[in-house]
Each structure stands twice: as C-alpha cells, then as structure tokens.
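Inspection log for the structure reproduced underneath, given as structure tokens.
The values are calculated or read from the model by the stated rules, or taken from the named source; none is laboratory data. Computed from a prediction, not measured in an experiment: that's the story for all the values here. Note that each Cβ is placed from the backbone with ideal geometry, even for glycine, and that neighbours are counted across all protein chains shown. Quick note on the areas: whole protein, heavy atoms, side chains included, nothing else; ligands and nucleic acids left out. Shrake-Rupley method; radii C 1.70, N 1.55, O 1.52, S 1.80 Å.
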Amino acid sequence: MTVPEIKLVFDEPVQRKKPPKHLADYSPEERREVAKALGLPAFRATQVATHYFSHLSDDPQSWSDIPAEMRQSIADQLTPRLIHLVKSVSCDAGTTRKDLWKLHDGVLVESVLMRYTDRVTVCISSQAGCGMNCPFCATGQAGLTRNLSAGEITEQIVAAARACANGELPGGPTRLSNIVFMGMGEPLANYNAVMRSVRNITDPNPDGLGISARSVTVSTVGLVNGIEKLTEEGIAVTLAVSLHTPDDELRDTLVPINSRWNIKEVLAAADAYEKRTGRRYSIEYALIRDINDQSWRSDLLGRLLKNRNTHVNLIPLNPTPGSKWTASRREDEAEFVRILESYGVPVTVRDTRGREIDGACGQLAAAEKTKSD
Ligand code: SAH
C-alpha cells in the first residue's frame, strides 16, 4: 500500500482556473465589501443574501427590492450558478435522491438527499475526488481532482434546502434539517472552504441558513491537525472519525493516512474536541467481511471506546466495482454489535439507503466518468 502524499490545504495554491466567486465564498462582512467593490451600496449584499439564504430564491426577477434592470447582473456577480445538474436518480419510493452536478470546469460531484420520518439529511461533497486513498472507497480510487470552493459546497446545500422547500420529495414541502460532509472528499483537507460552508449553514438568516451546528456532521479520516484547528473554532459541529478498525496494523492499510497519525493520536484529538465542545463524537466503521469484522476486533474496539464519549456507526460495506471486498455476514455483524454493547458502547448500524442508485461513496460520479471515458 502506498502512502498518499499528505496535502492539507488550508489555502490552495493557484493551479487551475478557479470557480467564479460567489457570495457564499465570503463572510457577511466581506460580502458588503465585495458589493462596494462592484460599485453597489453595501446593503445590496444583505438583500441578495436574504434572497439566497432566507428565501432560497434562484430567480432574480422576483427580487423586488432590487431595481428590475439591475437584478440579473447583480445575481450574475454575487450568486453565479456554480453547480449544474447532470442527472438525478431516486430510490426508496423517492425519499432518497442522488444529484450529480457538473462544475464550471466540467468536474463532477454528487450529493444525496434523504428524507426520513423525522428529518431530511443531505450528504455533500467537499472535494472532487479525494487524496486519502482508502482502498474500499470508490472516491479514493481516482485520487484528488481538486478542492471545491465554499460557494460550490454551499450551492449543494442550498439546492437541497430549495428542493425541500419546493416539496420535491414525497411528503410535501419540508425543511432541510441535517448536513453531513460524507460525500466525496476529505473535508478537513479543504479546511477553509469547509469552514466557510459550515458558517453559511449555521449563521442565522440572512447571513446563512440558520441550521444548528449540532445538525452538521464533519466526517474525517482523522487529520489530527484539522481536528485540532476545528476544536479552536468555537463551533460545535458533530465530529465523525472514520476509524474502521481498532488496530494500527490494519488501519495503515484501510485508512493509509494512519501512518501519519495513528489511532491513539486521532482518538486523543477527538477526545479533546469532545471536551472543548461537549459534543459526543461518532466513530465510523465500515464492516468488511473477514477483514475487520472479527469478534476479537469488536472486543478491542469496545475496550478502546468504553470510557470515551462516543457512538459507533457501523456501515455495512457498500462494495465498489471490481473490489474483492464485501459486506459482513449478518451473524458476524450481529455479534460485532453484541460485543460492543457489552462494553456499554452505544452503537447503531447505518441503514443502507441508496444502494441501488450507487448511493454511497462516489459511485455515481465514478459510473458517469466511466461512461464518458
Ligand atoms: N473523507 C471523509 C468523508 C467521506 S466518506 C471520511 O473518510 O470520513 C464518509 C464515510 O463513508 C467514511 O466513513 C468512509 O470511510 C465511508 N465509506 C467510504 N466508502 C465506503 C464503502 N464502500 N462502504 C461503506 N462505507 C464507505
């Protein structure tokens, strides 16, 4: 297993044509400056933010507080469309919908919207591709194409909020309640854009969507420097750590960045996050048949986590095309859960929504790319 190059981008070097700038790339204060730089009064920035975040409007002609002849050009400058729908596929009687988006440079990313009885969750991408090289993950196979801008990340979230408000999911109009950074990419390797997007989610209207931080989950392979930086932000999002095994030997293979920050270091960073924010963190564990699902590993995991404020999310492996790995047997999964519970560790097995639409983990974008290659 080759170890991926460790590239933690806090400010991405200029390598390619950047996506157009968008209001969502900036803080509320910066937005006012941007409006002024465009020769507009600063209050226009607040008006446009209200249309974008509060009304979820993508039709500038309805922005009646802005002179009609200026609407389109202001929209083009402050809220250019950054993501273009290529296709949507639905399953679970329409309550799971996967959207494939094309970005300004032709790059493809995906998001998945899931309606449950008590909530609506969108799973969004933070990067096109991923540099972390986890061998069981479809996104990891193709490597990192590029970081998404805060605007490109936020557009996926606003599109989901709009779809909910417009009643596009069965069950009628509703509100987007949860956002998980579990689509393509490693969010903490695109730190600044992800944090700007998190603020766009949590800032109250009209600066953002006004959704609480606890409804936002940032999932990471365990970039300790990123977790430490997140701890200092003073914003209590839910942290999810993709552990996948309790022993360093196997984790070096399943999550190659483990050779940079091992399990002990990752859990120490997550503990410090929990201590500072008071938020219990999640441990993600994809159960892979005969690879990491043995009862001795569950036992080791139970001992590792029993005194920690954490919750284990077991994910039946979604096999990627061409991989020899598959999901655990039902009885091994049940035994794994039983052992963890015997240590008093809270555990849930994640439902496997969206399987038949390549719902999990970069597979739709991968399938689309293969078709066009
Ligand atoms: N890079 C981040 C977030 C993206 S993936 C991270 O690794 O945490 C979200 C979760 O899905 C991670 O726990 C990831 O390991 C898991 N995952 C990836 N591919 C999977 C697959 N084929 N089956 C099940 N889970 C998978």
* State the percent of C-alpha pairs, over all pairs in region 157-212, separated by a distance greater than 14 angstrom. => 60
* Along each principal axis, Cα extent of region 23-78, largest first, Å -> 25, 22, 16
* Structure fact -> Normalised per residue, the volume inside the convex hull of the alpha-carbon atoms of region 192-256 in Å³ amounts to 90
* Structure fact -> Residues whose built amide H sits under 5 Å from the amide H of Val120, excluding neighbours closer than 5 in sequence, are Ser177, Asn178
* Structure fact -> Out of Met184, Met114, Met70, a Gaussian network model of the chain with alpha-carbon springs under 10 Å gives the largest mean-square fluctuation to Met70
* **Where only alpha carbons of region 261-358 are counted, the Rg and the Dmax (Å)** => 14.4, 42
* Amide H contacts of Asn190 (H built 1.01 Å from N, under 5 Å, at least 5 apart or other chain) -> none
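For the chain, which whole-number percentage of the solvent-accessible area (1.4 Å probe, protein heavy atoms only) is attributable to carbon and sulfur atoms?
49
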* If you line up the long axis of helix 263-277 against the longest principal axis of the chain, both from Cα atoms, how many degrees apart are they, to the nearest 10? -> 50
* To do: Could you size up the charge dipole of region 83-372 around its Cα centre, putting +1 on the beta carbon of Lys and Arg and -1 on that of Asp and Glu, and report it in debye to the nearest 20?
  => 340
* **nm² value of the averaged projected area, convex hull over the Cα atoms of the chain** => 18.5
* To do: Could you tell me how many degrees, from 0 to 90 and to the nearest 10, lie between the Cα long axis of helix 28-37 and the main elongation axis, the longest principal axis, of the Cα atoms of the chain?
  => 40
* Asked: Which whole-number value in Å² is the accessible area per residue of the chain, probe 1.4 Å?
  -> 43
* To do: Quick one: what are the phi-derived ³J(HN,Hα) couplings along region 133-147, Karplus 6.51/-1.76/1.60 with θ = phi - 60°, whole Hz, x for glycine and proline?
  => 6, 5, x, 8, 9, 4, 5, x, 5, 8, x, 8, 8, 6, 6
* Relative to the longest principal axis of the chain, what angle (0 to 90°, nearest 10) does the C-alpha long axis of helix 191-202 take? -> 70
